[in-house]
Amino acid sequence: MQLSRRQFMKVTGSTLAGSSLALMGFSPATALAEVRQFKLASTTVTRQTCTYCSVGCGILMYSLGTGGKNAKSSVIHVEGDPDHPVNRGTLCPKGAGLLDYINSPNRLLYPEYRAPGSNEWQRLSWDEALDRIAKLLKADRDANFQATTPEGLKVNRWLTTGMLAASASSNEAGYITHKVARSWGLLAFDNQARV
Ligand code: SF4
């Protein structure tokens with residue numbers, strides 16, 4: 001779709017909306033180049049994978065304040081990675097809205113625990129959370145692992161715990177995660193993309 005810069009601003013109504021459309025691939029080359037040049041000067045670019053779904057689109061994240069002492073580091077712009085073989089620079093609407101997801105005040109940034117019967121969430125350190133998860137996993141597996149069926153058939157299964165992994169993991173991380181889950185005897189193993 002080719003538009004003049006004036007037509008582009010008229011259609012989109014605002015620079016903000018325009019940049020969102022640009023992320024989805026609907027902008028004229030000139031306007032896109034101007035928006036990029038203005039916004040991305042002095043930023044640090046980091047390659048990443050969109051975490052929303054199993055497509056695994058490559059993204060470029062532009063951040064400010066990563067090298068200095070005077071600014072709080074923050075991601076200010078996200079766009080599709082043109083060199084990524086999956087999406088070739090494009091993003092779907094969910095991927096185009098990643099910046100809001102990153103900067104959302106509701107984004108969970110650390111582990112939280114809600115005790116049984118309580119309506120209060122309490123913050124935990126990652127070490128505390130991982131220790132707690134490991135202890136609960138072991139206790140449940142020790143109590144419920146089935147080596148054989150009542151008829152004596154070997155099954156080596158653990159049916160009382162499940163694992164939800166991430167579909168945006170690399171092949172290597174996915175392979176290792178799968179091996180760990182299956183070596184425990186877990187049968188309930190899935191991720192948000194059902195792959
Ligand atoms: S940009 Fe859209 S299609 Fe690509 S991984 Fe993210 S959610 Fe999935």
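Throughout, read-outs are computed from the coordinates displayed, never taken from laboratory work. Remember, predicted model here, so these are calculated numbers, not experimental data. Note that each Cβ is placed from the backbone with ideal geometry, even for glycine, and that neighbours are counted across all protein chains shown.
Scan segment 90-122 for residues that are among the charged types (D, E, K, R) and more than 29 Å from residue 59 (Cβ to Cβ) and jot them down. Selection gives 114, 120. Would segment 56-69 turn up any residue that is within 14 Å of the chain's Cα centre (by Cα), within 16 Å of the ligand (Cβ to nearest atom), under 14 Å from residue 170 (Cα atoms) and in a loop (DSSP other than H, G, I, E, B)? Checking segment 56-69: at least one residue is within 14 Å of the chain's Cα centre (by Cα), within 16 Å of the ligand (Cβ to nearest atom), under 14 Å from residue 170 (Cα atoms) and in a loop (DSSP other than H, G, I, E, B). Looking across segment 98-130, just one residue is buried (at least 16 other Cβ atoms within 10 Å of the Cβ) and either assigned to a loop (DSSP other than H, G, I, E, B) or among the basic types (Lys, Arg) (or both), and that is 111.
If you check 95, 89 for being within 16 Å of the ligand (Cβ to nearest atom) and not in a loop (DSSP other than H, G, I, E, B), only one passes: 95. Note on segment 124-175: residues that are of a type in the set (S, T, N, Q), within 30 Å of residue 53 (Cβ to Cβ) and touching a strand residue (DSSP E or B) at 6+ places or on another chain (Cβ under 7 Å) amount to 2. Can you confirm whether segment 107-114 contains a residue that is within 16 Å of the ligand (Cβ to nearest atom) and under 23 Å from residue 170 (Cα atoms)? Looking for residues that are within 16 Å of the ligand (Cβ to nearest atom) and under 23 Å from residue 170 (Cα atoms), one finds none in segment 107-114, hence no. Annotation note: Cβ proximity below 9 Å between a residue of segment 84-100 that is among the β-branched types (Val, Ile, Thr) and a residue that is within 7 Å of the ligand (Cβ to nearest atom) (sequence gap 6+ or interchain) occurs for 86/55; 86/56; 86/57; 90/57.
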